[in-house]
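Below you'll find the structure, written out as structure tokens, and then a few comments.
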Amino acid sequence: MSETTDRIALLVKRGKINKASPFPPDLKEQDGADEQTKAALDSGAKPSEILDGCMKGMQEIGTLFSQNKVFVPDLLMSAKAMSAAMAHLKPHFQSGEVKRKGTFIIGTVTGDLHDIGKNLVSMVVEGCGWEIVDLGVDVGADTFLEAIEQHPDCAVGLSALLTTTMPAMSQTVAAIKEKSPQTRVLIGGAPITREFADKIGADCYSPDPQGAANYLSTAAA
Amino acid sequence: MSTISFSQEFSASFEELPLGPDRILAAMGYPDSAAPAPVPELVQEALCAAPKHCTCRGIFQVLQSSNVSVGKDFIRNGDLRFSTGKMIAAQIKKSETICVFLTTIGPGLETISRALLHGDDPVKGYVIDTLASEATEAAVDLFAGHMLEYCAENNWKMTNRFSPGYCGWSVAEQKNLFSLFPENTCGITLSESCLMHPIKSVSGIIGLGKNVKKQPYPCEFCTMNNCIKRKLKEKGQ
């Protein structure tokens, strides 16, 4: 890891967005992920070094979150810092100079309007180098299938917070596996268990965002 | 024929709720004084702004005890059967009757938090969302406290409160519970998937009777393994 990578990783992990942000207090008036990324790219750093820094920072905060050592606001602040850095990488993604690990399609299933958990998973997975296609909430199986058609090599994440919407999750997994058996499907949400994931044929269940990111890095990349 | 023996509506302002910054921070997972900046500041800001956007309303209905019976894994009110599962039925078993309730803090805070969560300040949005959830719980507890006065007249005590979606009671049973209230009671409606609108609402039942008691550790009979409150309890906070 280069010095640039380590610095970006620290700023992302600590949620230091830009110089104007007074948080965290010990980094007050210092450059944030925004300025640091721009300066690094201007001085010739490779975009992949920045991406590695984002990935490292998000992986570290995601792991601490899994261990209940930090909580949702910390993760949201890190995600915001990551976004500030990623904004500078956009042209490099478009030119193909830096590559994503893959595409992750995510949505909350039909009948369910909860999205905080889904958004946290999106942020951590994006921070781990994946392009996110967020379909939103109350998403039917057909919408997932259309998105898979547009991104044939994607992995898919389904979220549900209500026990009443678990059947919709089951139907969506069945529809995906019927039409696109090779597509990896990850599921999560408060009422979901590993047993339920096995029963409905999902490839992965994770109780936290980092678990989903780890699975994608090892099994689906 | 009505199966309700007593019904009471309540309302309260946000200021009446026993809600301070420590409770909001704890609900987000932070132990005492350990939340990083700007979280405590955002909690203070949200507490100051909340009264304008929050109207607490609730209704508590005591069912006629002659209609209520409790089985091994269900509670019956005449022809209406609540398949609560064994855990809740065991807690309600010694009750002479049950009280069904609905409570909401209205849509104000959830509208603000949703806009922020999807906009440029998700941290603030999450803080307001957490505050709204805690305000809803505090409103139920406040109103349940008022119901204790009614219970005292009958020398009754209360069990813990139980809601569809928890402790093995399917959230689909919201439909049975809502059938005991007139449509749109307290402005609360139910979606096809049994999601309440406003989202910051709580419905449920409480057992009433001379020989019931409130258990101090409700996590022991809850099945939500990933709940933050359980995780914090296990962590010793």
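Evaluate chain A: find the radius of gyration of its Cα atoms, find its Kirkwood radius, and give the ratio Rg to Rh. Let's see the in-between values first.
Working: Rg = 17.8 Å, Rh = 17.7 Å.
Reported Rg/Rh (Cα atoms, Kirkwood Rh): 1.00.
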Subject >> Cα gyration tensor, region A:1-72 - rounded (a/c under 1.5), prolate or oblate >> reply: oblate
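Any chance you could run the full-extension gain for B:E153 through B:Q44? It's 0.36 nm times the residue separation minus the Cα-Cα distance, nm to one decimal.
Details: separation 109, 0.36 × 109 = 39.24 nm, distance 3.97 nm.
So the chain would gain 35.3 nm between B:E153 and B:Q44.
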Subject >> Rounded to whole Hz, the Karplus (6.51, -1.76, 1.60) HN-Hα couplings of region A:95-111, x for glycine and proline >> reply: 7, x, 5, 10, 10, 6, 6, x, 10, 10, 8, 9, x, 8, 6, 3, x
**OP:** Name the residue farthest towards the positive end of the dipole of chain B from the options B:A46, B:L195, B:S83, assuming +1 on Cβ of Lys and Arg, -1 on Cβ of Asp and Glu, about the Cα centre.
**Re:** B:S83
Original post:
How much accessible surface area, in Å² rounded to 10, belongs to the heavy atoms of A:D198 with a 1.4 Å probe?
Top reply: 110 Å²
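When the dipole is taken about the Cα centre of the protein assembly as shown, and only Lys, Arg (+1) and Asp, Glu (-1) are charged at their Cβ, what size is it in debye, to the nearest 20? Walk me through the numbers before you get to the answer.
Details: 44 positive and 52 negative charges, 268 e Å.
Here the protein assembly as shown has a charge dipole of around 1280 debye.
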Subject >> Per-residue HN-Hα couplings for region B:186-193 [Karplus 6.51, -1.76, 1.60; θ = phi - 60°; Hz; x = Gly/Pro] >> reply: 6, x, 9, 10, 10, 7, 4, 8
Original post:
Taking the Cα centre of region A:31-186 as the origin, how large is its charge dipole in debye, to the nearest 20, when only Lys and Arg (+1) and Asp and Glu (-1) carry charge on their Cβ atoms?
Top reply: 340 debye
Original post:
For region A:1-133, what is the accessible area per residue in Å², given a 1.4 Å probe and the full set of protein chains?
Top reply: 41 Å²
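Using Cα pairs closer than 8 Å and at least 6 residues apart in sequence, work out the relative contact order for region A:1-56, in percent.
Across region A:1-56, relative contact order equals 47 percent.
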Original post:
Nearest-5 percent of antiparallel DSSP beta bridges in the protein assembly as shown?
Top reply: 65 percent
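Add +1 for every Lys or Arg and -1 for every Asp or Glu among the other residues with Cβ under 9 Å from the Cβ of B:K210, and state the total.
Numbers: positive: B:K94, B:K157; negative: B:E96.
Net local charge, B:K210 excluded: +1.
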Subject >> Cross-link table B:K94/B:K210; A:K101/B:K124; A:K28/A:K80; A:K80/B:K200; A:K16/B:K124, entries beyond 19 Å C-alpha to C-alpha >> reply: A:K101/B:K124; A:K80/B:K200
Original post:
What residues from region B:53-76 fall in the zone where the backbone N is under 20 Å from a label point 7 Å along the Cα-to-C-beta line of B:K175?
Top reply: B:74-76
**OP:** Taking the dipole about the Cα centre of region A:59-171, with the C-beta of Lys and Arg at +1 and of Asp and Glu at -1, give me whichever of A:T163, A:G140, A:N68 is farthest to the positive side.
**Re:** A:N68
Subject >> Rel. contact order, % - alpha carbon contacts under 8 angstrom, at least six apart, region A:103-221 >> reply: 29 percent
Original post:
For chain B, what is the accessible area per residue in Å² when the probe is 1.4 Å?
Top reply: 46 Å²
Original post:
Roughly how many Å is it from the Cα centre of region A:43-61 to that of region A:84-151, as a whole number?
Top reply: 19 Å
Original post:
If the cut-off is 20 Å between C-alpha atoms, which lysines fall inside it for A:K199, apart from same-chain ones fewer than 8 positions away?
Top reply: A:K177, A:K179
**OP:** Please calculate the 1.4 Å probe accessible area of A:L10, with all protein chains present, and give it to the nearest 10 Å².
**Re:** 70 Å²
Original post:
Expressed as a whole number of Å, what is the distance separating the alpha-carbon centroids of region B:120-139 and region A:196-214?
Top reply: 27 Å
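Restricting to bridges with both residues inside region A:67-156, how much of the DSSP beta-bridge set is antiparallel, in percent to the nearest 5? Provide the component values of the computation, followed by the final result.
Details: 0 of 8 bridges.
Bridges in region A:67-156 that DSSP calls antiparallel: roughly 0 percent.
Could you size up the charge dipole of chain B around its Cα centre, putting +1 on the beta carbon of Lys and Arg and -1 on that of Asp and Glu, and report it in debye to the nearest 20? Working shown, then result.
Numbers: 23 positive and 24 negative charges, 209 e Å.
Value, rounded to 20: 1000 debye.
What is chain A's relative contact order, in percent, from Cα pairs under 8 angstrom and six or more apart in sequence?
Working: 405 pairs, mean separation 39.2, N = 221.
Relative contact order of chain A: 18 percent.
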Subject >> In Å², nearest 10: area of A:V156 left accessible to a 1.4 Å probe >> reply: 0 Å²
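The values are calculated or read from the model by the stated rules, or taken from the named source; none is laboratory data. As the structure is a computational prediction, the values presented were derived from the model and not from experiment. Methodologically, a virtual Cβ is constructed for each residue, glycine included, from the backbone with ideal geometry; neighbour enumeration extends over all protein chains shown. Accessible surface is based on the protein model in full, side chains and every heavy atom, while ligands, DNA and RNA are left aside. Shrake-Rupley method; radii C 1.70, N 1.55, O 1.52, S 1.80 Å.
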